[in-house]
Amino acid sequence: MTDAIVVEGAHKAYKEKKALNGLDLRVGRGTVHGVLGPNGAGKTTAVRVLATLLRPDEGRVEVAGHDVRRRPDEVRRRIGLLGQHAALDEELSGRQNLDMFGRLHHLRARSARERADELLERFGLGDTGGKAVKRYSGGMRRRLDLAASLITEPEVLFLDEPTTGLDPRGRAEVWDSVRSLVGGGTTVLLTTQYLEEADQLADRISVIDGGRVIADGTADDLKAKLGGDRIDVVVRDAAQLERCAGLLPRGAAVDADRRLVSAPVTDRMEALTSVVRALQDAGIEAEDVALRRPTLDEVFLSLTGRTDEAAPGERTKEAV
């Protein structure tokens, strides 16, 4: 079997609110699959269903070859879950936390200690394993939390917005850890509010809105939906932005704060040549003219009508 996760026509409702509305999803073994969507799109509900924390109302849902409704115990033996908030004891050391999680998973005392030491080394925490968690940085805490989710060596790991609230350095540390996991054969389902995170980590991406998948593919596949390449022009004088936009191909967008005009193009070199010539003929001075691929932010806006999700502090109390 090549798929670690199979979801076909999954439905889940909370009273009159449909959190999942015919969700279809397939995740290949040993890959990172990103799930993007605006706040309330159904991402967290999907993770809860896959992790057997919620029962789907309808549809087929299988994880690691087992049905989540008929064989939930078999599913739980094969998965790990890292939620949005660290589940660690602040007063205990990193090593003591991992040892405790090992014992909770019914490992013998010696096996729990050995597993704790192994994971501390694996996640670059060997030298700090004796320190209390309250002295850890944000990135170190999330790496320790990630290590705790791997006590039982799960086949499938669910990461529900694992880097929310971390600074760039902490996020980079977690990204490196995720890449290491996948290199070892673990399948990762990643929900995230950071589009850059999906672009960096995910082999495939599913965009969810209204409880169903509205687009699926590699990052390059999704970017291609916007028509391939884009041309960016940064003008020296902001007063010339609208004139510049009129010279670019159809669909040009203006960013006044950055003095930027951006437009989709089909023929890269022809577009670059014609735009540069048109700017010169119109007497518009450009500080920069560049060709690039569209960003996932632009894809997300095109597909959902929203630039990204609400910031963590703006999230609803129970986002679904």
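Would a scan of the range 73-80 turn up a residue that is closer than 28 Å to Thr192 by Cα, at pLDDT 85 or above and touching a His at 6+ places or on another chain (Cβ under 7 Å)? Step through it out loud before you land on a result.
Residues of the range 73-80 closer than 28 Å to Thr192 by Cα: 73-80.
The next check asks that each one be at pLDDT 85 or above; those that pass are 73-80.
Narrowing further to those that are touching a His at 6+ places or on another chain (Cβ under 7 Å): 74-75.
Yes, because at least one residue in the range 73-80 is closer than 28 Å to Thr192 by Cα, at pLDDT 85 or above and touching a His at 6+ places or on another chain (Cβ under 7 Å).
Just one of the listed residues (Val47, Val35) is surrounded by 24 or more Cβ atoms within 10 Å (Cβ to Cβ) and either over 17 Å from Gly80 (Cα atoms) or assigned by TED's automatic domain parsing to the domain that holds Glu197 (or both), and it is Val35. Scanning the range 66-102 for residues that are among the polar types (S, T, N, Q) and part of a helix (DSSP H, G or I), we see that the one that is nearest to Ser137 (Cα to Cα) is Asn97. Inclusion of Pro154 among residues that are more than 30 Å from Met269 (Cβ to Cβ) and out of contact with any helix residue (DSSP H, G or I) (no Cβ under 8 Å at 6 or more places or on another chain) is warranted. Filtering Leu222, Leu226 for residues that are of a type in the set (A, V, I, L, M), at pLDDT below 90 and in a loop (DSSP other than H, G, I, E, B) leaves a single hit, Leu226. The combined condition, being β-branched (Val, Ile, Thr) and either surrounded by fewer than 16 Cβ atoms within 10 Å (Cβ to Cβ) or assigned to a strand (DSSP E or B) (or both), is fulfilled by Val7. Residues in the range 182-208 that are acidic (Asp, Glu), under 22 Å from Gly83 (Cβ atoms) and buried (at least 17 other Cβ atoms within 10 Å of the Cβ): Glu197 only.
Of the residues Thr128, Thr163, Thr152, only one is buried (at least 21 other Cβ atoms within 10 Å of the Cβ) and touching a residue at least 12 places away in the same chain (Cβ under 8 Å); which?
Values: Thr128 fails: buried (at least 21 other Cβ atoms within 10 Å of the Cβ); Thr152 fails: buried (at least 21 other Cβ atoms within 10 Å of the Cβ).
After ruling out the rest, the residue left standing is Thr163.
Can you name every residue in the range 229-252 that is without any contact (Cβ under 8 Å) to a residue 40 or more places away in the chain and surrounded by 15 or more Cβ atoms within 10 Å (Cβ to Cβ)? Matches in the range 229-252: Leu241, Ala245, Leu247, Leu248, Pro249, Ala252.
The values are calculated or read from the model by the stated rules, or taken from the named source; none is laboratory data. Bear in mind that the values here come from a model prediction, so they are computed numbers and not experimental data. Note that we place each Cβ from the backbone using ideal geometry, even for glycine, and neighbour counts take in every protein chain shown.
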